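Some notes on the structure that comes next.
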Amino acid sequence: MGAEAPFLTAVIARHPEATFNLAAYGVAYAFAILTEAPIIMLMSAANALVRDGHSFKRMRNFSRFLIAGATLLLVVMVIPPVFHLVMVDLIDLPARVAELTYGALWFLLPWPGAIGYRRFHHGVLIRAGHTRRVAYGTTVRVTTMASTAMLAYLLLPIPGAWVGAIALSVGVVVESTAVRLMAASTVRELLAQTKDPSHTPDPLTYREIVSFYYPLALTSLIGLAVQPMLTFFMGRSAYPVESLAVFPVVQGLSFLFRSVGLAYQDAVIALMGERHRHLPELSRFTLTLGLSASAMLALVAFTPLAHVWFQGVSGLTPHLAGFAVLPARVIAPLPAMTVLLSLQRGILVNVRRTRPITMATSIEVVGIALCFVILGWGFGVVGATAAFVAFVVGRFGANIFLTFRCRQTIATTAASAAIAA
């Protein structure tokens, strides 16, 4: 999935009006991601809660409710008065960028539903140990996305931002269909299983699902609000159009290396074991994975590979590439911090303590907002640079907070195990 954003921004950058289209694609994607917030944690929830046929049905019904709500949010966003209020009156997008963004959002309408549907089934597959099928589905998605983008680029006389949105939607719809087919046998096994043989808890209730999921959903909502918030900030900072244009390009490069950390959270949940039994092994792997991911991003950002990537691969003009290099260097530590965050979240989700995760995300977002306001508005730093410095500062705050909470959780679990022994 990490290849998705760099590929699409490279295609968009080769269309006419590349700066406007990159900016519009970044804005539309940010708001599509925001509407995805209520469903983004369905994978972790299904991974943690689905044990048998009863829990599967309860989580499936719950996921359908969330999917309908997330889709409705995006539908509301494309109502012309609402769109004008948010994008023009509030964010103050340039007229051409706003026009391109509006069309892109229409093409992204299938996005939240398809994402929610496949993330629920991803959680089911991960819980059953079928992680290869998740990878196969991602391969289907990226292949479909790339083929759609190239065909649209070659055959359709439409703006680049719209090509990117169409490719994203087609990719996730095809992937969600493929994942459901690959999960069919696992689902049949769950439905035939009336009770998890390794546990004898009371049947899962909707109240328990909501209690478990609410902090996770709030975490996603707060965290995914960052991109629209930064879009608003960059629109009122130094070099607003250039900042909005390079933001999705640098973000895509960052995600290419951060994606291993995002995937790691569900691996931690699945492999931690009872009472954090496998924490030492997972901690060692976290250190290796995090340092490796950040080192690879630094290799691109601090060497001539940066110009190769931004101009040769991403297709930016030398003028725009100049705005992208410094932000890329600033975020070099972010992949390692993301891997650490996934370990910390996995530790807490494993014992169903999700509220500290919400608190950490709140700290991160507040840190991002304050840092950007100080740098971007107070000192006049270029919007894109201020945004990515703020990302690192906010994530550092979240990591520090969760370090203390995880230590408390591990100590409590160890004490309980000693008492039980």
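For the chain, what does -39500 (n - 2.57) per DSSP helix run (n ≥ 4), summed and divided by total residues, give at 222 nm, in deg cm²/dmol to the nearest 500?
Computed ellipticity for the chain at 222 nm equals -26000 deg cm²/dmol.
Mind jotting down the three principal axis lengths of segment 1-203 based on Cα atoms? Whole angstrom, largest first.
59, 34, 20
Once you have the Cα-Cα distance between GLU99 and ILE374, take 0.36 nm times their residue separation minus that, and quote the gain in nm to one decimal.
That pair, GLU99 and ILE374, stretches by 95.9 nm at full extension.
When only alpha-carbon atoms are used, what values of Rg and Dmax, in angstrom, describe segment 254-393?
17.3, 54
For ARG236 and ILE410, compute 0.36 nm times the residue count separating them, minus their Cα-Cα distance, and round to one decimal in nm.
Additional length available on full extension: 58.2 nm.
Sort out for me the Cα centre separation of segment 167-188 from segment 310-381, rounded to whole Å.
A separation of 30 Å, based on Cα centres.
Determine ³J(HN,Hα), in whole Hz, for all residues of segment 291-301 in sequence, where each value follows from phi through the Karplus function 6.51 cos²θ - 1.76 cosθ + 1.60 and θ = phi - 60°; x replaces Gly and Pro.
Here the 3J(HN,Hα) series is 5, 5, 5, 5, 5, 5, 5, 4, 4, 6, 6 Hz.
Over the Cα atoms of segment 112-265, what Rg and Dmax result, in angstrom?
Values for segment 112-265 (Cα only, Rg and Dmax): 19.5, 60 Å.
Taking H as built 1.01 Å from N, whose amide H comes closer than 5 Å to the amide H of ALA238, not counting residues under 5 places away?
Correct list: GLY383.
Reported to two decimal places, what Rg/Rh ratio describes segment 1-109 when computed on Cα atoms with Rh from the Kirkwood expression?
1.09
With 10 angstrom as the radius, rank MET359, MET77 by how many other C-beta atoms surround their C-beta, starting from the fewest.
MET359, MET77
Across the chain, how large is the tail of the calculated P(r) beyond 41 Å, expressed as a percent of all Cα pairs?
The proportion of pairs with Cα distances above 41 Å equals 13 percent.
Please give the peptides 2-15, 259-272 ranked by average Cβ packing (other Cβ atoms within 10 Å per residue), highest first, as a rough proxy for protection.
Ranking, from highest mean packing down: 2-15, 259-272.
Dividing the Cα radius of gyration by the Kirkwood radius, what Rg/Rh value follows for segment 316-415?
For segment 316-415, the value is 1.11.
Sticking with the crude label model, points 7 Å out along Cα→Cβ, report the distance from GLU189 to TYR214 in nm, one decimal please.
3.4 nm
When the scattering of segment 194-311 is computed by the Debye formula from its Cα atoms alone, each counted once and equally, what is log10 I(q)/I(0) at q = 0.14 Å⁻¹?
So the normalised log intensities work out to -0.91.
Grab the beta carbon distance between PHE396 and LEU151, set R0 = 41 Å, and tell me the FRET efficiency rounded to 0.05.
Taking R0 as 41 Å, the efficiency between PHE396 and LEU151 is 0.45.
Coordinate-derived values only; no laboratory data. These numbers come from a predicted model, not from an experiment. Cβ coordinates were reconstructed from backbone atoms using ideal geometry, including for glycine residues, and neighbour counts include every protein chain displayed.
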